[in-house]
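Just so it is clear, none of the values below were taken in a lab; they were calculated from the coordinates. If you're wondering where the values come from, they're calculated on a predicted model, not measured in any experiment. Neighbour counts are summed over all protein chains in view; Cβ atoms, including those assigned to glycine, are modelled from backbone coordinates with ideal geometry.
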């Protein structure tokens, strides 16, 4: 079993790499979005799953990355790959600015603080109209690069998963988890919890920033409502919870399953869809708090680093 | 900027601030009770307020019931909803890590908002009952705001009398201070939890019924109240019920004052900045609270 | 010899009540000290002030000659002071060995080695890969105890080490504490079990209502009328 997994993974990766040669434009777009969701769910997992500090406003980093990279493209003429990385850097910077004061708070208070974040950023975007286009939105120069963006998204999704793997199997990851288990004890045992929380938070903001930029580039147009929607945070959370927060592959699994679900239900029944997401969150918390992967871990006695 | 601030403007701001603040205080008290007794941060508090508003709207629409009389319906109704939520959902996570109850109530809030979307669509509704203002000297006092303030004060005072003087109220305060000790004194803690969640929801519903007369009713209307109620609890100190009153009034004042200097857009960020500042400077609240 | 820990007129208030009201203590290195007192005397609060969990309102606390009041717990830990908790605080979802590994800052290999060493010392080496939450109460207590020893601290504070522990395990713990003292470490324990305190500690401090009531060798304390009064009333 252990030998076969990396092989299966390599085959899958090869398949995904060759996919655009065969697929339609629509097909590429769909997979591109799946990669995006994997990156997002995985990122939320880094802060909320590992340290237990729930972030209810994570979409802020997506939106910030979208605006930052789009502004870099439009006003400074940067090439989109670099601009998207820039978006990630700006998002991480925002995470530092928010995290430095707010991560000192106990878990629930931090969660509340992140709740209002969305509103603030939408206000900021409207305020700096000259730069961001305010409520009218921002248009990017036309570009047909779906295939390139597909690969870029795939890379980011793979990178975040790889980073999660490295963290979960290291002492750094153990320290993050102690924050979730018992923060008082962690502090008493010499762990500078604020510093570790900040690291996790910054890391968790980078990928959303990058994929925000990529998504914006792909759409060609952004406006406040499209890049700071609450449903995006909700979806990230549901995916990570459903698959298994605190694990490596949980968010990937959750993203894959719920993304398929979303494609089928979303377009036609948007409110029912969101209602179901809410119900799934409630169900997971009550019935399988460790997600699907958690259930499998218990049943088949799998190691924690899955 | 560059506006001349006259004393009468300040007076107006103070009046408007206190009127708005009394509503914030009442709604926040509901959230504060739940948090104080069960250490659960009820993210679904706003949606419960929204349900109160829709109840009032429905009754007004179908049988022309006076919105202020509808309080007699919305409060008991949402009390029962709160009890049900506690009994079937929240009870299971009261002793789990706080993260669980946060996520649970978050899920519940999403479900409630979207149920409302399905039932009522996102069309804006309103209850046209009371409009206009009294003019007293240089001040304009909005009639619906005044009525809201009056009822909010009455309900809040009632809540405090209940907490202070009745056995049940004292039991609630006892559990909020120490669950173990209360149990040893023979208090049925489970029952107290049920009642407290119901009460908290009823207070939210009251807020909803009262604002139904003043603002546009739509499924997402409650979100901002969730956040502001949290802010009031933080300002007043967690578990400090009189503190919630002061916190509410303070928030009302600060918001109105900010509106003198800032555009309405930026105003929304005021509450947020206030929260972060208070959390950093005095996390135990302006009065003594238990973090 | 200069005291390793000095507490100078520390005051800590909660609301209007002073839980610790001007306590001064001095601890010499390489000895075992006990801190006793009836319930509500301020023992745990003082403990928390020393270890940085609470901040003293007045007074100073010096460790190895440097002020530690106002520092965060993790900083005090790295200075060389470790503590255990009254209610066991192991990390339940981490394995026993992982509980130990998180504490260290040295290289991974060296940390692993030391963790195995300590686990073997308390005969828990076969349970190294077991989730700490699945261990028995006594085993968890041991894990918490050796966890504190991972970085070889100079001073160890034990919060009610005898609580809920059977005789055999207790004797093991007490022997371990004596060995630590023989290695030159300083131990301060808060404890209710008088037999443990009298049998183990070289000097005992007695607190009552947030103030230091008495200080001295166990035999002296036991005979002190004021101490008896404090515990049993007038």
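With the convex hull drawn around the C-alpha atoms of the range B:1-152, the volume per residue stands at 163 Å³. A compact globular protein would have a Cα radius of gyration near 2.2 N^0.38 Å; the ratio found for the range B:139-245 is 1.24. Distance distribution P(r), chain C, all Cα-Cα pairs, bin width 10 angstrom from 0: 8, 32, 36, 20, 5, 0 percent. Note on residue A:301 and residue C:117: their simple-model spin labels are 3.2 nm apart, each label 7 Å out from Cα toward Cβ.
Shielding by partners for C:91-101, please: the mean number of other protein chain Cβ atoms within 10 Å of each residue's Cβ. Walk me through the numbers on the way to the answer.
On the way: counts 10, 2, 7, 5, 2, 0, 0, 5, 5, 1, 3.
Taking the mean over all residues of the peptide, I get 4.
Protection proxy ranking of B:227-239, B:14-26, by the mean of other Cβ atoms within 10 Å over each peptide's residues and highest first, is B:227-239, B:14-26.
As an exercise, take the mean of 1/r over every pair of distinct alpha carbons in the range C:125-217, invert it, and state the Kirkwood radius in angstroms.
14.6
Per-residue mean of foreign Cβ neighbours for A:283-293 is 3 (Cβ atoms of other chains, 10 Å radius).
Please identify which residues in the range A:208-245 have an amide N closer than 17 Å to a label point set 7 Å out from the Cα of residue A:129, following the Cα→Cβ vector. Of the residues in the range A:208-245, A:223-225 have backbone N under 17 Å from the label point off residue A:129. Centroid-to-centroid, using Cα positions, the range B:205-225 and the range A:118-175 are 34 Å apart.
Largest mean-square fluctuation among A:272, A:253, A:72, in a Gaussian network model of chain A whose springs join Cα atoms under 10 Å apart, belongs to A:272.
Mean partner shielding of peptide A:178-184, defined as the number of other chain Cβ atoms within 10 Å of each residue Cβ, is 5.
DSSP beta bridges confined to chain C are antiparallel in about 55 percent of cases. Size of chain B: Rg and Dmax of its alpha carbons, in Å, are 18.8, 63.
On full extension, the segment bounded by residue C:183 and residue C:17 gains 55.8 nm, given 0.36 nm per residue less the C-alpha separation. Summary of packing: across the peptides B:86-96, C:153-163, A:166-176, the per-residue average of other C-beta atoms within 10 Å ranks them, highest first, as C:153-163, A:166-176, B:86-96.
Given a cut-off of 40 Å, what percent of all Cα-Cα pairs of the protein assembly as shown lie beyond it? Can you show the working numbers first?
Working: 151859 of 344865 pairs.
Value for the protein assembly as shown: 44 percent of Cα pairs lie more than 40 Å apart.
When the Gaussian network model of chain A links Cα atoms closer than 10 Å, the mean-square fluctuations of A:245, A:106, A:197 top out at A:106. Entry note, the range B:25-222: relative contact order of 48 percent, from Cα contacts under 8 Å with a spacing of 6+ residues. For a paramagnetic label modelled on residue A:14 (point 7 Å from Cα along Cα→Cβ), amide N atoms under 13 Å away are absent within the range A:237-274. Here the Gaussian network model covers chain A, with springs between Cα atoms less than 10 Å apart; of A:205, A:186, A:39, A:186 fluctuates the most. Annotation: peptides A:273-281, B:193-201, ranked by per-residue average of other Cβ atoms within 10 Å with the highest first, follow the order B:193-201, A:273-281. Extending 7 Å from Cα along the Cβ direction at residue A:144 and again at residue B:120 yields two label points whose distance is 4.7 nm. Look at the alpha carbon pairs under 8 Å that are at least 6 residues apart: their mean separation over the length of chain C gives a relative contact order of 27 percent. Computed log10 I(q)/I(0) for the range A:1-69 at 0.12, 0.20, 0.24 Å⁻¹: -0.52, -0.97, -1.02, from the Debye equation with unit scatterers placed on every C-alpha and solvent omitted.
Tell me the Kirkwood radius of the range A:23-228: reciprocal of the mean inverse pair distance over distinct alpha-carbon atoms, in Å.
In the range A:23-228 this quantity evaluates to 17.3 Å.
Over the range B:1-102, Cα pairs under 8 Å with separation of 6+ residues give a relative contact order of 25 percent. Computed extension length for residue C:26-residue C:87: 19.3 nm, one decimal, from 0.36 nm per residue of separation with the Cα-Cα distance subtracted.
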